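Input: a single structure, listed below in structure tokens.
The values are calculated or read from the model by the stated rules, or taken from the named source; none is laboratory data. Bear in mind that the values here come from a model prediction, so they are computed numbers and not experimental data. When the accessible area is computed, the model is the full protein with side chains, heavy atoms only, and any ligands, DNA or RNA have been set aside. Shrake-Rupley method; radii C 1.70, N 1.55, O 1.52, S 1.80 Å.
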Amino acid sequence: MRKLVIGAAALVVLLGVAGLAYWAGSTRGALSVPVAAAPKAGPAPKGIVVEASRVTLAKLPQALAAVGSLRSDETVILRPEVAGRVSQILFREGERVARGQVLVKLDDSVQQADLDRARANLTLSRTKHERSIDLRNKGFISSQALEEAENNWKVAQADSELMAARSGKATIRAPFSGTIGLRSVSVGDYVKEGQDLVNLESLDPLKVDFRVPELALSQLRDGQLLQITLDALPDKAYDGKVVAINPLIDANGRAISIRAQVANKDGRLRPGMFARVRLFTSVARETIVVPEEALFPLGEDKYVYKVVEGKATRQKIDIGQRREGKVEVLAGLDPDDVIVTAGVVKLREGAPVTVVNAAPAAPAVGKSDEPVRAPRT
């Protein structure tokens, strides 16, 4: 019995030792599983990411600067040639009208009655003249009587044509195709001869009238190209050409008057607008040009951002002509300056920048004698 007890106790001890060994092995395996290391954060960006490039040198023609005004290619104020009461207005203000289209009708009842009477007299006088010819051939009337009958017929014919012309004056037509303006009369108004009714304007192309000093006379010729910009439409430049140079020089201002034409396909230009004119001469010079997207306005001035020692520096510039997405810089930049070409809206004065994709673009105008180098970052 004693041996059985000892054997049972030994079995319990062995089972306990085995259980402890199993628990220790399981714990060691769980603790030995490697833990994935947390990813290391990359270096924080040094500044606002932008694109930049060195300014481009290009040869552009020199230009004479002037100011002028836009004028309609054709303009007229419609006025009646006869007095009468307005019976019909056959247009809407601001619409396009075609040449010969009836615009206004006056009451022509009196003129029509006169025309009917004149035509009746013409018929009677023609009949009398034909009868006089027959009687003269038979010797019943004299040559004088035949001449009087012929003269009466011609007078009646002239009276008929006169009354037809007066009746036609009551109908006012468009003398050319264009855009009708604002009328100053209504149906039922009594108008006198020469009273203003409405204006008619031909808007494509438009004329540009401007003046240059007489010292520039040797640089002027018909057909010269020019470019205009407008304060009311500052984001676009319009090309044109000279169509006439006044042979008379103004003795008071010692200036030459020039007229040019500018296409107005989109219809945004209007007569009377103030225009800044750049008249291109045959002489070309090397100048700085920058992409249009690099510019941003502040008030009435134009600015770009230069990259100086890794920071954005706002720089005011004076611009000249615009050519195929490029803008001429007259003052404010040097040939070695690096400017921001994309990401301008994100910048502020003194903000740190990181330049990426700074490959310089080929100049779109002129021809640069110096290759464009990538900016230093």
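Assorted remarks:
- Ordered by 1.4 Å accessible area with all protein chains kept, Phe210, Phe274 run largest first as Phe274, Phe210.
- Between the C-alpha center of the range 322-347 and that of the range 206-263 there is a gap of 28 Å.
- Largest accessible area first, the listed residues Glu293, Glu51 line up as Glu293, Glu51 when surface is computed with a 1.4 Å probe on the assembled protein chains.
- For the range 201-216, backbone phi angles converted through the Karplus equation (6.51, -1.76, 1.60; θ = phi - 60°) give residue-by-residue couplings of 10, 9, 9, 9, x, 10, 9, 10, 9, 8, 10, 10, x, 5, 5, 8 Hz, Gly and Pro being listed as x.
- The portion of the accessible surface of the range 152-233 made up by carbon and sulfur, rounded to a whole percent, is 52 (1.4 Å probe; DNA, RNA and ligands excluded).
- For the range 225-359, the solvent-accessible area works out to 53 Å² per residue, with a probe of 1.4 Å and every protein chain left in place.
- Accessible area of Val110 (1.4 Å probe, protein heavy atoms only, ligands and nucleic acids ignored): about 100 Å².
- Looking at the range 44-127, the accessible area is 55 square angstrom per residue; that uses a 1.4 Å probe and ignores ligands, DNA and RNA.
- When the pairs Lys105/Lys169; Lys306/Lys346; Lys207/Lys326; Lys236/Lys326; Lys241/Lys326 are compared against a 18 Å limit on Cα-Cα distance, Lys207/Lys326; Lys241/Lys326 fall above it.
- Leu230, Leu57, ranked by accessible area, largest first (probe 1.4 Å): Leu57, Leu230
- For the range 210-336, the relative contact order works out to 20 percent when only alpha carbon pairs closer than 8 Å and six or more residues apart are counted.
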